[in-house]
Ligand code: B12
Ligand code: SF4
């Protein structure tokens with residue numbers, strides 16, 4: 001007997017949810033997706049007037065029509081407020097268990113679980129955990145001790161289970177679902193893929209350092225798929241979708257030289273399309289650049305983050321001297337690869353001089369494109385704690401983070417004495433690095449005089465120039481998702497997965513045996529059956 005599982009997401013394709021979806025379909029369960037284009041609130045726009053395009057009523061109708069047994073909501077911090085709005089509504093309308101996972105749930109499981117409409121919180125990677133939950137539902141078994149899941153009982157008791165073992169062999173995972181995302185217009189020209197998980201570095205504004213702690217002792221944090229497995233996924237998708245770009249979304253693609261060399265060798269013969277990836281300055285090596293350039297690598301995203309060595313070393317824990325950054329940027333360009341540099345302004349304690357140095361440095365690296373971000377204290381990160389300790393993140397600010405406010409936008413939520421400078425520099429940076437030399441003093445003056453409105457207009461108008469590569473795909477998916485929501489909306493697409501006849505929803509049983517008989521979470525993890533390997537997509 002199958003279990004029907006409905007997923008919700010917003011704005012862009014989520015490869016994380018894609019993995020969960022395909023894990024379930026590979027084990028015979030049925031899935032559907034409701035997707036909000038999110039044009040009203042994203043990295044570029046904050047235009048509440050466009051909220052109607054999300055067509056919540058149509059989405060809820062589609063959800064009802066699917067008659068799910070379980071609803072799965074993915075929520076990074078920036079989507080939490082939207083996720084919560086939809087989660088609450090779905091609970092009222094469908095009255096089935098709701099599982100929330102993703103980075104917000106990982107960082108703040110207690111907070112997420114405190115919401116009346118949340119039944120289960122996934123505190124780690126979800127493939128094995130969700131499958132186990134769904135299979136227990138299918139068998140009508142108790143779900144209170146599913147590893148990696150916190151589960152709420154009918155009386156409000158929360159069963160806080162430990163994180164289960166990580167899937168060490170990523171080749172065992174089925175390839176992530178694509179079709180539903182395509183139907184919703186969430187991707188068009190750029191095919192996204194992960195070749196591995198994890199990152200060896202520990203930047204203090206990123207989730208990696210605490211993830212490494214929560215996954216400690218649970219298997220390998222840094223994992224790579226086999227090159228053959230990645231090629232099969234790409235070939236399978238390229239046969240179906242007319243993409244002309246490949247995006248390798250690993251946290252840090254350039255970490256393993258040998259693996260990347262092997263990948264490039266095979267990729268140039270079997271795929272050949274231009275691609276981009278994320279890289280970390282110290283891992284950018286001549287040998288690697290040569291191999292990547294020969295394999296048609298088009299662009300590398302690299303964090304400069306700060307132009308001040310002290311900030312990089314002490315605050316961000318990215319120890320590297322200025323010369324190294326200039327050298328690596330030049331190396332990328334020498335090999336004919338374009339660069340996308342990213343910067344952060346307004347970190348806790350950062351001075352105006354340090355912020356200006358960032359603008360200078362990124363300009364000197366001559367990036368093809370560049371983003372300016374205002375520092376956002378992501379929950380559970382070291383820099384969040386620093387902001388609180390320095391008195392720059394008030395109780396009100398902390399509540400904003402918990403509820404996901406502003407994490408998309410270029411408004412500082414710190415009580416930072418130079419927040420206005422940070423906001424101005426973040427807007428001007430992408431334009432500044434592309435501006436002719438004569439225009440740079442004018443742009444600097446615009447920042448000094450805090451001409452916020454002019455900077456905002458300039459930023460929005462020049463997006464096609466400053467973000468030419470990403471901008472084109474963004475425009476394509478915007479049009480595609482508007483079309484999808486207008487034409488498809490409540491109607492189910494061609495990939496609808498429901499084949500079972502209508503029947504009452506399957507219950508999630510949370511009925512643990514008496515306390516004395518309950519095994520410790522550690523014992524449960526140890527004895528837990530893992531899904532058989534060989535679930536590799538064909
Ligand atoms: C690639 C990437 C992107 C890509 C997205 C690619 C894509 N299509 O998915 C791009 C560049 C577009 C992007 C954009 C942004 N990103 Co980003 N991104 C990442 C990165 C490097 C990898 C994410 C990923 O896919 N991981 C692999 C998949 C398999 O894992 P996953 O998504 O976590 O999903 C697993 C589990 O979390 C869990 N799970 C997830 N959802 C659910 C739901 C349920 C029901 C269950 C049971 C389980 C579950 O199971 C999944 C499978 O194991 C991470 C860093 C990281 N290590 O995670 C940052 C990261 C996720 N991004 C982050 C941020 C802040 C952003 C932006 C807000 C940046 C900005 N200012 O614009 C935007 C917002 C995008 C959005 N979703 O709206 C933060 C999020 C922090 C937070 N607390 O939310 C991260 C963690 C990096 C960081 N700075 O620390 N990002
Ligand atoms: S290199 Fe990137 S993914 Fe790795 S810890 Fe730093 S910011 Fe996070």
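Those residues that are in contact with a helix residue (DSSP H, G or I) (Cβ under 6 Å, 6 or more places away or on another chain) and either modelled with pLDDT under 95 or at positive phi (or both), I need them from the stretch 169-186; list them, please. Within the stretch 169-186, 184, 185 meet the criteria. When the stretch 401-427 is filtered for residues that are part of a helix (DSSP H, G or I) and crowded, with 19+ Cβ neighbours inside 10 Å, the ones remaining, listed by number, are 401, 421, 422, 423, 424, 425, 426, 427. Of the helices (runs of 4 or more DSSP H) that lie entirely inside the stretch 90-144, not one contains 3 or more residues that are within 16 Å of ligand 2 (Cβ to nearest atom) and surrounded by fewer than 20 Cβ atoms within 10 Å (Cβ to Cβ).
Residue 215 falls short of the stated requirement of being touching a residue at least 60 places away in the same chain (Cβ under 8 Å) and either under 24 Å from residue 275 (Cβ atoms) or in contact with a helix residue (DSSP H, G or I) (Cβ under 6 Å, 6 or more places away or on another chain) (or both). Of the helices (runs of 4 or more DSSP H) lying entirely inside the stretch 194-283, the ones with 3 or more residues being away from ligand 1 (no atom under 16 Å from the Cβ) are found at 227-240, 257-270.
Comparison of 86, 23 shows that the only residue that is in contact with a helix residue (DSSP H, G or I) (Cβ under 9 Å, 6 or more places away or on another chain) and near ligand 1 (Cβ under 10 Å from one of its atoms) is 23. Going by what's in this entry, would residue 166 be described as modelled with pLDDT of 95 or more and either closer than 27 Å to residue 109 by Cβ or buried (at least 18 other Cβ atoms within 10 Å of the Cβ) (or both)? Yes; evaluated as a whole, the condition is true for this residue.
The residues of the stretch 151-173 that are within 16 Å of residue 130 (Cα to Cα) and in a loop (DSSP other than H, G, I, E, B), listed by number, are 161, 162, 163, 164, 165, 166, 167, 173.
Of all positions in the stretch 435-446, at least one carries a residue that is surrounded by fewer than 23 Cβ atoms within 10 Å (Cβ to Cβ) and not in a helix (DSSP H, G or I). Name every residue in the stretch 288-318 that is more than 25 Å from the chain's Cα centre (by Cα) and free of Cβ contacts under 8 Å to residues at least 24 places away in the same chain, in order of residue number. Those that are more than 25 Å from the chain's Cα centre (by Cα) and free of Cβ contacts under 8 Å to residues at least 24 places away in the same chain: 309, 313, 314. Residue-level analysis places residue 6 outside the set of residues that are under 20 Å from residue 174 (Cα atoms) and within 16 Å of ligand 2 (Cβ to nearest atom). Given the criteria at negative phi and touching a strand residue (DSSP E or B) at 6+ places or on another chain (Cβ under 7 Å), does residue 289 qualify? No, not satisfied.
When the stretch 355-391 is filtered for residues that are more than 26 Å from the chain's Cα centre (by Cα), without any contact (Cβ under 8 Å) to a residue 60 or more places away in the chain and either surrounded by 20 or more Cβ atoms within 10 Å (Cβ to Cβ) or within 16 Å of ligand 2 (Cβ to nearest atom) (or both), only 361 remains.
The values are calculated or read from the model by the stated rules, or taken from the named source; none is laboratory data. Note that the structure is a prediction, hence the values are computed from the model and not measured. All Cβ positions, even for glycine, are placed from backbone atoms using ideal geometry, and neighbour counts span all protein chains on display.
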